[in-house]
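Only one structure is covered here, and it is reproduced in the block below.
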Amino acid sequence: MNHRADAYLEAWKTKQQLAEQMIPQIGQLYRDHDIVMSVHGRSLVGRSAIDIIRAHDFARKIDAAELPLSESSAVVEALASIQPGPVSVDLALLANGFRESGSSNLEAYLREQLAPVIDAAPSTGTDVVLYGFGRIGRLLARIIIEHSGSGNTLNLRAIVVRRGSDNDLMKRANLLRRDSVHGPFNGTIKVLEEENAILANGVRIQVIYSDDPASVDYTEYGIENAILVDNTGRWRDAEGLSQHLQNKGIARVLLTAPGKGDMLNVVYGVNNDKITDDHTIVSAASCTTNAITPVLKVLNDTFGVKRGHVETVHAYTNDQNLIDNFHKGDRRGRSAALNMVLTETGAAKAVAKALPEFEGKLTGNSIRVPTPDVSMAVLNLQFEREVTVEEINSLLEQVSLTGALRTQIDYVESPEIVSTDFVGSNRAGIVDGLATIVTGDSAVLYVWYDNEFGYSCQVVRIIEQLSGSHPAQLPVRNS
């Protein structure tokens, strides 16, 4: 008998049992109290036992040891007893904090940590309207539906589109149900043809057909003080987007593209503190800007960036042609599926809109490649002093685990990892540590990013802030 093999199998069964016991408690706390649990940024809400085990396997502590499920399970048990108000909690950091505190009473420790939210009153919820239902619009719908919790946070009430065919409603529902890149919708979808609506996991989404952004009375559908997310990219300035504000029921507008003029371009985690009640129109910038800006901020704050160049290796988009055809943009008329296409990117200049200290420091270009999702930004940077690979990588790994930007930055070290491994990543950017190159005061870093899903997660974080429903983060993030 192989006693070692038996021991491994028993250890696995113990993990599986603990993870299965955690699932109903995690679900109840989320549904009833909007408590979002994660392990170093990897959400456990709605996940299987295997997903929970995998999150713990990845969740290395500072000494690279695995986070025991027994510790996080004990934290979940205590949270179920406390039943705090809406909050986003990192089980790994709470478990580590309790261990380091020397306390012998876990519930007392957690009550102290959760004091600001134990008696917090729940939000009444905020209506959300998606204007446009393409790649980003459908992913936003999936995320918001999955985050519906108690119904007191974000409420997806409607999508607005141009009617494309007689069976338009069924086609929209099927595109939400199945996705060639991101897989099937996690739940059930029904079409309510007589009501012109889609029912997704119990969330009723009104489908509104309109060709004019200023001609919809949303209050007719029971929608009030809503945040409208414009996913079309048709209007990029305040004047064009302000058409939405002429409609009854719309209070604020968020653009999922770089905004022009003086519009506030927000990279969540970096400059979202600049949003005020006076900002009725804001931009979520671009996927690339969201991927690189948090990493650049960390590097600049620590080492000082003198200058740099950003080269984006970007998945093709619907803006390009499947085969050669006319396109108003240079080179983009050539087949996206057959060519690498050199094109421009405004991401390097756009960084300065979120981080003014980068004004004039960065240049950039982009190469569109024949893959449908996940892109890479190559950062070629010169610092104010000499650095080492170890300094850069240890800094970014630490930030990804415990830093203020851990929701935005992830870090990996794998000699076999490729682009498809990052489909569905909820971080804005993932640093590939094994690819980092340093020569004196210069470094080259490689940052992967799911330019669809990772960006959409950043957009939802902004929506939550605009609505006032973004959950408090505990433990408090280190700067």
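The values are calculated or read from the model by the stated rules, or taken from the named source; none is laboratory data. Just so it is clear, the model here is predicted, and its values are computed rather than measured. Note: ideal-geometry Cβ built from the backbone for every residue, glycine included; neighbour counts use all protein chains shown.
Here are a few things to note about the model shown:
- Residue satisfying all of: in segment 286-330; outside any strand (DSSP E or B) and of a type in the set (Ser, Thr, Tyr); farthest from the chain's Cα centre (by Cα) among these: 302
- Any pair with Cβ under 6 angstrom, 6 or more apart, that starts in segment 263-276 at a residue that is under 14 Å from residue 459 (Cβ atoms) and ends at one that is modelled with pLDDT of 95 or more and in a strand (DSSP E or B): 265/283; 266/282
- The set of residues in segment 14-57 that are at pLDDT below 85 and over 24 Å from residue 472 (Cα atoms) contains only 57.
- Lone unmet requirement of (1) part of a helix (DSSP H, G or I); (2) free of Cβ contacts under 8 Å to residues at least 24 places away in the same chain; (3) among the aromatic types (Phe, Trp, Tyr) for residue 455: (2)
- Within segment 374-393, tally of residues that are in contact with a Gly (Cβ under 9 Å, 6 or more places away or on another chain), under 16 Å from residue 409 (Cβ atoms) and among the aliphatic types (A, V, I, L, M): 4
- Residue ID - nearest to residue 438 (Cα to Cα), chosen from residues in segment 358-413 that are in a helix (DSSP H, G or I) and of a type in the set (S, T, N, Q): 393
- Residue that is modelled with the lowest pLDDT [pool: residues in segment 135-180 that are within 21 Å of the chain's Cα centre (by Cα) and hydroxyl-bearing (Ser, Thr, Tyr)]: 150
- The single condition from (1) without any contact (Cβ under 8 Å) to a residue 60 or more places away in the chain; (2) surrounded by fewer than 23 Cβ atoms within 10 Å (Cβ to Cβ); (3) closer than 26 Å to residue 375 by Cα; (4) touching a Gly at 6+ places or on another chain (Cβ under 9 Å) that residue 311 fails is (1).
- Residue satisfying all of: in segment 147-200; out of contact with any strand residue (DSSP E or B) (no Cβ under 9 Å at 6 or more places or on another chain) and in a helix (DSSP H, G or I); farthest from residue 419 (Cα to Cα) among these: 194
- The condition of being surrounded by fewer than 18 Cβ atoms within 10 Å (Cβ to Cβ), more than 25 Å from residue 311 (Cα to Cα) and not hydroxyl-bearing (Ser, Thr, Tyr) holds for only one of 476, 418, that being 476.
- Any hit, segment 64-80, residues being buried (at least 17 other Cβ atoms within 10 Å of the Cβ) and in a loop (DSSP other than H, G, I, E, B): yes
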